[in-house]
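Let me begin by presenting the structure, written as structure tokens, before commenting on it.
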Amino acid sequence: MKSILVKLILLFSVLLLLSCASTKEEIKFDKMIGSGKPVFYYNLIKSFGRDDSEFKLISRYKIEYDRLHFERLNGKYVSKFNVSFAVFKRGEEIPVKQEFLSKEVVVERFEDTDNHKLFDFDQFELFLPVGEYTTELKIESKSGEYYKRVDDVTFWYENTLGMSNLTLFKSPSEKFDLDNMIPIVSNRIDEDCKNIGIYFELLSPKDLEYTVEYSLMNSDRQLIYSDKIDKKTSGRVTKEIIAFSLNNNKIGDYIFKVVTSIENKRFERYIPFNIRWRDDTAEISNLNEAIRNLIYIVDDRDTLSTVLRYDYNEKRKWFNNFWGKVNKGSGDSNIVMEEYYRRVNFSNVNFSSGAKKGWKTDRGQVFIIYGEPDEIQKYEYSRHIKPYEVWVYYNRGRQFIFDYVAGDFRLRRE
């Protein structure tokens with residue numbers, strides 16, 4: 001496996017040198033479609049209107065710079081794109097409301113055009129009559145490529161009491177002020193991010209006492225902490241903020257649960273989110289899984305079993321040391337790791353078979369080690385032959401044949 005690691009490092013080094021020497025000054029609008037990472041992040045928040053005949057609908061989006069199409073213009077890199085948000089009555093084709101934004105992003109450094117930590121964010125806020133709708137948020141590049149998100153939305157006032165969706169946000173200071181809240185559209189939080197909060201609204205016809213119970217759970221639904229507070233509504237719509245701390249929480253997936261009891265009604269709301277390492281690849285969301293993914297490039301596979309028994313801090317230290325050695329000399333502290341886990345994620349999205357994750361399949365292994373094939377030849381069922389695929393890597397002088405067996409494509413061993 002050491003030879004594979006050397007080849008992998010050499011491959012990435014060559015790619016890096018080629019990209020640095022290239023005069024290419026355009027970035028494709030979506031370079032990694034199908035990688036498991038969305039073209040843009042998006043959320044839709046329903047809340048209460050100014051009276052019982054309407055409701056408020058907020059649509060937010062976040063698109064990272066590595067998803068945009070940039071062009072060289074007057075010594076800078078410019079991306080122009082349009083964003084539209086349309087609302088249709090369910091089953092109809094003409095929107096009842098539609099709004100547009102014309103966006104322009106300008107950066108001076110070429111490397112910023114491929115930076116997933118830089119992003120454009122905006123939102124639409126509409127008041128609509130209660131009813132059933134279909135919404136469409138569309139982002140269209142200058143070249144005409146577009147990506148959209150379609151959702152069905154229903155809102156009725158079933159009674160005089162109610163609770164909105166939950167919104168995850170961060171505050172620039174320890175003082176939580178509605179005017180300074182920054183929505184976290186992707187529901188992904190850097191581990192060193194402080195001042196995190198949950199925002200929601202309560203509907204009541206008069207001032208009433210209510211109880212809020214909230215809890216933080218990990219992806220296995222194990223309780224991390226919980227609390228309970230008693231409060232009183234103020235006016236028709238009460239705006240509520242719950243601040244919580246991420247101290248000592250590990251990277252991974254979490255669920256925040258809020259239960260509100262008011263008079264004889266009980267409302268439950270959940271919001272999932274992910275804690276990630278601030279300075280590492282956005283593709284990693286689980287440390288144990290990220291370590292298991294290294295099986296194709298470690299010198300000794302038994303090492304991984306040993307490392308997985310370490311405590312969290314020891315695992316993280318080993319992981320950082322491993323990639324520190326691999327990335328050494330690449331010119332970018334994370335470029336090899338970024339690409340490796342992009343390939344893992346792509347494999348999970350495109351090659352999973354039943355309960356077997358894509359990175360564990362034969363096609364996933366080849367894709368992770370060798371990257372995208374120069375050509376894929378697909379052969380469907382014929383009278384005497386089952387489906388199979390041929391992956392060709394011309395520059396390497398290699399090809400791999402995958403036969404369809406029991407619901408999966410297996411590498412033909414010759």
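The values are calculated or read from the model by the stated rules, or taken from the named source; none is laboratory data. Here the structure is a predicted model, which is why all the values come from computation and not from measurement. We place every Cβ from the backbone using ideal geometry, glycine too, and count neighbours over all the protein chains shown.
Quick look at the values:
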{"item": "Residues being part of a strand (DSSP E or B) and under 26 Å from PHE70 (Cβ atoms) - total across the stretch 120-144", "result": "11"}
{"item": "Failed item in (1) surrounded by fewer than 16 Cβ atoms within 10 Å (Cβ to Cβ); (2) at pLDDT 90 or above, with PHE402 passing the rest", "result": "(1)"}
{"item": "Matching option when the condition is over 11 Å from THR211 (Cα atoms) and in contact (Cβ under 8 Å) with a residue 24 or more places away in the chain, among LYS232, LYS250", "result": "LYS250"}
{"item": "Neighbours by Cβ (under 7 Å, 6+ apart or cross-chain): first from the stretch 343-362, in the same structural domain as TYR404 (by TED's automatic domain parsing); second part of a helix (DSSP H, G or I) and surrounded by fewer than 17 Cβ atoms within 10 Å (Cβ to Cβ)", "result": "GLY358/VAL349; GLY358/ASN350"}
{"item": "Matching entry among ASP151, ASP192 (being of a type in the set (Asp, Glu), under 30 Å from LEU68 (Cβ atoms) and not assigned by TED's automatic domain parsing to the domain that holds ILE242)", "result": "ASP151"}
{"item": "Selection from the stretch 199-212 of residues that are touching a Ser or Thr at 6+ places or on another chain (Cβ under 7 Å) and either in a strand (DSSP E or B) or within 19 Å of ARG60 (Cβ to Cβ) (or both)", "result": "TYR199, PHE200, GLU201, LEU202, TYR210, THR211, VAL212"}
{"item": "Leading residue by the ranking (nearest to the chain's Cα centre (by Cα)) among those in the stretch 137-165 that are surrounded by fewer than 18 Cβ atoms within 10 Å (Cβ to Cβ) and over 30 Å from LYS80 (Cα atoms)", "result": "ASN165"}
